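Visitor: Can you keep this structure in mind? I'll have questions shortly.
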Amino acid sequence: MTMRGSVVISLCILIQLSLQNTTVKAEDGPVLQTKFGALKGEYVKAKGKNTVVHSYLGIPFAKPPVGPLRFSPPQPAEKWTGVRDATKQPLITGDEHAPGNYGLLDQVAALQWVQENIHSFGGDPGLVTIFGESAGGISVSLHVLSPLSANLFHHAIAESGTAAMDGIPNPNPLPIAQAVGNLSGCDISSTKKIVDCLMQLTEDDILKITLFFSPPGWTDGMDMEQIMPILTMFNPILRDESVAELVLNEYLGASPDRIKIRDGFREMLGDFIFNIPVRKLANYHRGPAVHTKLGSLRGAFLTVKGKDTIVNSYLGVPFAKPPVGPLRLARAQPVEKWDGVRDATKQPPMCLQDRQVSVVEFEFLAMDVEIPEVSEDCLYLNIYTPVKPGEEAKLPVMVWIHGGGLVLGSASVYDGSVLSAYQDVVVVLIQYRLGLLGFFSTGDEHAPGNYGFLDQVAALQWIQENIHSFGGDPGSVTIFGESAGGMSVSTLILSPLASGLFHRAIAESGTAFWDGFVMGNPLLRAQNTAKLCKCDSSSSSEIVDCIMRWSEEEVLECSNQV
């Protein structure tokens, strides 16, 4: 029994059973025992079929998300006594105070319930297909990507909605939370106060707030003034006035007719919300798959303006074991093989550095580049090749070493697709450890140093062994870089460790002969670093033991002091 003011998280199950020689009476209903309790459902006949379907409606798979459970992940349902009536349809900030996505977490909880209970209804938990349309399609697409949904289903059908829709992932939910707080008359001075206030709202109050997000009167036509706020919400690139003007002219023309504007807007929104994201997601799933001796990779197809060539990109390819734990302040170790197909469509994390410096720098330069999060686990490279998977080719290889004073930089801020398409070469962008973790040294066996340079050598060794899988010629490798990347190139020319790993070199705006580049007394520098960062500096082993215990945050904090 439900009462006004309560919410039941439920699911509906229809079980198709063939009942031969059975008379179905209206007052009868199937009774099914589950581990939570008994359910009484209904017999349903589909038009044109003799098959009788057993329906069970309003089955709770989680506790009601009311009271203290509002704005919380779903909690497991409790058992009930007696026979539950299953013949009626159920009622239909960005921080620790309200992390969000409760609706998607509800779906995960439902899938977990299905895994644990669907056998009671004759279903196979090892053969689950999720499908949905519009927001349901978006949900399906997100479950395909989410590790929380791993192994909870086996096939997926997303209809008229995908996770690639602009505006679906909201990287900055706080402004919307503050807007909701304002509409509700809440104190928005902190996220905790917003959540505490919203927890007190009635269901009717919440329903009234949702009306704010619906454009009024659009069926009677629309004006340009109504369109722009909605468009920029779904596609941020339209905040650029020149881009917005081109798009609006394409779909809406110059007519002042409100009905024509509305119809053009509807077509444009259909492209933004459905057609373009579907094509984008389809490209992700059908991306090029290349097989290496370490495992398989699925990349993405890229097009370059002015060229018909399709470039295949493979991002975040590991060339060494993660340099974490006992491998901190150690030479890079060969990467291990992996099972299955590795996703190579996302930028890898940047090596440990002050990320905000890069954010400010690129904002100042008005450059739109992706700046990933930072991590010690960063020994990855990005590959761009015009060669299709499986094709026999031996194209020249260009290996880019980024600059940044050996303390900043990453592969993600560069795009090798243009060079690859126009020059018909395989382009590889490598990453290496930076700052204290990349170049700290005590000058002895405890911390011999130059780990960043050794990472570059490890990347070149990986290229020698694997680049043929991407259509590259390991016998024709050119290394090039600028600033600290140029210094690295110059150093690799001189190093016997890099002998035979490349064949040509271009050092731009940096060489190994820069004064101060080579440290004369690394132990003294190590001791000074230890004192600044509150480590015992009495011996090399004590200094290294202290650094090995630091968290990533402590490494960054010390690096900023040195």
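Visitor: What number of residues within the stretch 546-562 satisfy the criterion of being within 14 Å of residue 325 (Cβ to Cβ) and either surrounded by fewer than 19 Cβ atoms within 10 Å (Cβ to Cβ) or under 29 Å from the mean Cα position of the chain (by Cα) (or both)?
Guide: Going through the stretch 546-562 one residue at a time, the tally reaches 6.
Visitor: I'm checking my understanding of the structure. Among residues of the stretch 247-297 that are in contact with a helix residue (DSSP H, G or I) (Cβ under 8 Å, 6 or more places away or on another chain) and under 18 Å from residue 345 (Cα atoms), which one is surrounded by the most Cβ atoms within 10 Å (Cβ to Cβ)?
Guide: Filtering first and then ranking leaves 290.
Visitor: Quick check: anything in the stretch 359-378 small (Gly, Ala, Ser), touching a helix residue (DSSP H, G or I) at 6+ places or on another chain (Cβ under 9 Å) and either under 24 Å from residue 421 (Cα atoms) or assigned to a loop (DSSP other than H, G, I, E, B) (or both)?
Guide: Yes: one or more hits.
Visitor: Still on this structure, I have one more. Name the residue that is modelled with the highest pLDDT, counting only residues in the stretch 25-63 that are charged (D, E, K, R) and assigned to a loop (DSSP other than H, G, I, E, B).
Guide: If we take residues in the stretch 25-63 being charged (D, E, K, R) and assigned to a loop (DSSP other than H, G, I, E, B), then 35 is modelled with the highest pLDDT.
Visitor: Mind checking which residues of the stretch 377-397 are surrounded by 19 or more Cβ atoms within 10 Å (Cβ to Cβ) and at pLDDT 95 or above?
Guide: Passing the criteria: 378, 379, 380, 381, 382, 383, 384, 385, 386, 395, 397.
Visitor: Can you say whether residue 146 is within 15 Å of the chain's Cα centre (by Cα), outside the structural domain of residue 273 (by TED's automatic domain parsing) and modelled with pLDDT under 90, as far as the supplied structure shows?
Guide: yes
Visitor: Let me ask you something else. Output yes when any residue across the stretch 495-504 is in contact with a His (Cβ under 8 Å, 6 or more places away or on another chain) and in the same structural domain as residue 353 (by TED's automatic domain parsing), and no when none is.
Guide: Checked against the condition, which is being in contact with a His (Cβ under 8 Å, 6 or more places away or on another chain) and in the same structural domain as residue 353 (by TED's automatic domain parsing), the stretch 495-504 yields no hits at all.
Visitor: So residue 300 fits all but one of (1) under 23 Å from residue 420 (Cβ atoms); (2) modelled with pLDDT under 85; what number is the exception?
Guide: (2)
Visitor: What's the number of the condition residue 389 fails, among (1) touching a Phe, Trp or Tyr at 6+ places or on another chain (Cβ under 9 Å); (2) assigned to a helix (DSSP H, G or I)?
Guide: Exception for residue 389: condition (2).
Visitor: Which strands (runs of 3 or more DSSP E) does the stretch 400-510 wholly contain that include 1 or more residues that are out of contact with any Gly (no Cβ under 9 Å at 6 or more places or on another chain), surrounded by 22 or more Cβ atoms within 10 Å (Cβ to Cβ) and of a type in the set (Gly, Ala, Ser)?
Guide: 472-482
The values are calculated or read from the model by the stated rules, or taken from the named source; none is laboratory data. All figures in this text were calculated on a predicted structure; none of them were measured in a lab. Positions of Cβ are backbone-derived with ideal geometry, glycine not excepted, and every protein chain shown enters the neighbour counts.
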